[in-house]
Structures are given as C-alpha cells and as structure tokens.
C-alpha cells in the first residue's frame with residue numbers, strides 16, 4: 001500500500017524493533033537484573049524469575065491503569081512490591097531499576113541503521129518517539145536526534161494521537177509535514193495516520209498487512225526509506 005506524501009520537514013522514529021531488535025536486549029537486561037537480585041535480594045530472585053516478574057508487571061498494569069503506559073513506573077512499583085512481599089529492603093528498588101535501564105539500552109543496532117540515520121538527519125529533523133524506556137545516548141544514536149518523546153513524559157503511549165502531536169511539537173513542524181516510521185501496524189502506522197501524520201511501515205520481517213488498506217509506504221529497512229526520500 002503506497003502513498004504520495006506532501007513535503008516533509010521532520011521524521012519521528014520508533015525505537016524498539018525499528019532501530020534494533022528489542023527482545024534480545026530486554027532478555028539480557030532481565031538476566032542481569034536477576035543475577036543482581038540473587039546477590040542483593042535472594043528471596044525475590046528465588047520467587048520471581050523473569051517470567052514471573054513479567055506477570056507481576058502485567059497484573060499491576062491492570063490494577064494501576066493510570067501508569068499502565070509507563071513501563072519504567074510499572075517496573076519500579078513491581079520491584080518495590082516484590083521486595084516488600086518477600087521481606088527485602090524496598091530501598092533496593094531504585095538500584096534495581098537503574099541497573100535494568102542501563103542494561104536495557106545496551107542494544108545491537110540493525111545493520112542499516114547507522115548509515116540511514118546519518119543520511120536522514122542531514123535532511124530532516126529527527127525525533128525519537130517511543131512507548132519504551134531505552135536511552136538513545138547509551139544506545140549510540142543520540143547524536144542523530146533533536147528530541148526524544150516517550151510515553152512516560154507525555155502521559156500516554158502510542159497509538160494515542162496525543163503522543164504523536166507531542167512529537168510534532170518537539171520537532172516544531174505541523175503533523176502533515178511529519179512522517180512517522182515504525183514497525184508496528186497499529187501503534188506506529190495507524191496511530192500516526194489517526195493523528196494526521198504521514199506514515200511509513202518498517203516491515204523487517206516482511207509480514208503481510210492485516211486489516212483495511214491505509215495510506216502509508218512500506219519499507220523493509222531504513223535504507224529503503226532513505227532511497228525513497230532521496231536522502
């Protein structure tokens with residue numbers, strides 16, 4: 001499904017599974033956190049290995065809808081509850097969170113990403129737009145972006161139109177002149193279109209589009225986007 005887009009002045013870019021594969025990075029961070037807990041809060045480590053800790057976070061998201069969009073707050077609250085439940089010092093939650101966030105941002109970029117960001121940043125204002133909590137400086141791509149907009153800061157996550165409009169405000173460009181590029185059909189493509197942005201689906205797995213046709217352009221990596229834009 002292709003589309004002819006108006007003139008662009010800015011691009012918002014999703015992070016996880018658009019610039020890097022997220023599952024491996026998060027699994028490695030969870031493993032580092034679990035090893036740390038084995039030393040500092042062994043009762044929690046024994047009771048809540050990563051799959052069980054993930055289930056606790058999901059339960060909290062249902063219990064605390066006001067912070068369900070904020071993965072950092074959910075993780076912090078889950079850790080505090082786990083520490084308290086198992087008789088450990090809840091003050092350890094801060095250090096546990098810091099360790100996880102640092103490890104979570106130790107990512108391996110897709111091979112096309114460095115060159116693509118270099119090319120795009122020379123022509124467009126780039127804004128990172130994410131529901132997650134990766135640190136783009138630690139990930140090694142901060143130099144390409146003029147701003148970062150995330151669910152924690154805005155108070156809502158994709159596909160809510162408000163986070164896309166916040167990213168447009170950060171870029172200083174009206175939505176019609178902003179292209180959002182991301183991997184998720186709903187959170188990224190449909191969310192951007194509903195907010196009045198243009199949209200590009202970065203479809204690395206080459207999956208089939210499901211549902212109604214939408215006005216977007218599809219690429220299998222960011223270099224394809226660069227070529228199409230002439231960047």
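Nothing in this text is a laboratory measurement; each read-out follows from the coordinates by a stated rule. Predicted model, so just to flag it, every value in this text is computed and none were measured. FYI the Cβ positions are ideal-geometry reconstructions off the backbone, even for glycines, and counts take in every protein chain you see.
Between the range 73-135 and the range 171-222, what is the C-alpha centre distance in whole Å?
23
Take the chain, compute every pairwise Cα distance, and split them into 5 Å bins from 0; I just need the percent in each bin.
It works out to 1, 7, 14, 17, 18, 14, 11, 8, 6, 3, 1, 0, in whole percents.
Quote to one decimal, in nm, the extra length available between residue 59 and residue 106 on full extension: 0.36 nm per residue of separation minus the C-alpha distance between them.
On the way: separation 47, 0.36 × 47 = 16.92 nm, distance 2.70 nm.
That works out to 14.2 nm of additional length.
For the range 23-104, build the convex hull from the C-alpha positions and give me its volume per residue in Å³.
Working: hull volume 6.7 nm³, N = 82.
In the range 23-104, the Cα convex hull volume per residue is 82 Å³.
Order of 212, 137, 106 from fewest to most other C-beta atoms within 10 Å?
On the way: 212 7, 137 12, 106 16.
Ordered by Cβ neighbours within 10 Å, fewest first: 212, 137, 106.
Of the residues 91, 61, 210, which exhibits the maximal mean-square fluctuation in a Gaussian network model of the chain defined by a 10 Å Cα contact cut-off?
Residue with maximal mean-square fluctuation among 91, 61, 210: 210.
How large is the Kirkwood hydrodynamic radius of the range 70-153, in angstrom, based on all distinct alpha carbon pairs?
On the way: mean 1/r = 0.0683 Å⁻¹.
Evaluated over the range 70-153, this radius sits at 14.7 Å.
Can you tell me the orientation of helix 161-171 relative to the chain, as the angle in degrees between its alpha-carbon axis and the longest Cα principal axis, to the nearest 10?
70
As a footprinting exposure proxy, order 226, 168 by other Cβ within 10 Å, with the fewest listed first. Could the numbers behind the result be given before it?
Values: 226 19, 168 23.
In increasing order of surrounding Cβ atoms, one gets 226, 168.
I'd like the orientation of helix 22-40 relative to the chain: the angle between its Cα long axis and the longest Cα principal axis, in ° from 0 to 90, rounded to 10.
Helix 22-40 and the main axis of the chain meet at about 20 degrees.
Bins of 10 Å, beginning at zero and ending with the bin holding the largest distance: percent of Cα pairs per bin for the range 144-231, please.
17, 49, 31, 3
Please list, by residue number, everything in the range 137-172 whose backbone N is under 14 Å from a paramagnetic label point 7 Å out along Cα→Cβ of residue 194.
Residues passing the 14 Å test: 156-165.
With each pseudo-label sitting 7 Å past Cα toward Cβ, what's the residue 220-residue 156 distance in nm, one decimal?
3.6
When a footprinting reagent is the concern and you count Cβ atoms within 10 Å, what order do 109, 120 take, fewest first?
109, 120
Tell me the relative contact order for the chain as a rounded percent, counting alpha carbon contacts under 8 Å between residues six or more apart. Don't skip to the end; give the middle numbers.
On the way: 386 pairs, mean separation 59.3, N = 231.
The value is 26 percent.
What distance in nm separates the two pseudo spin-label positions at residue 40 and residue 28, each 7 Å out from Cα along the beta-carbon direction?
Here the answer is 2.0 nm between the modelled labels.
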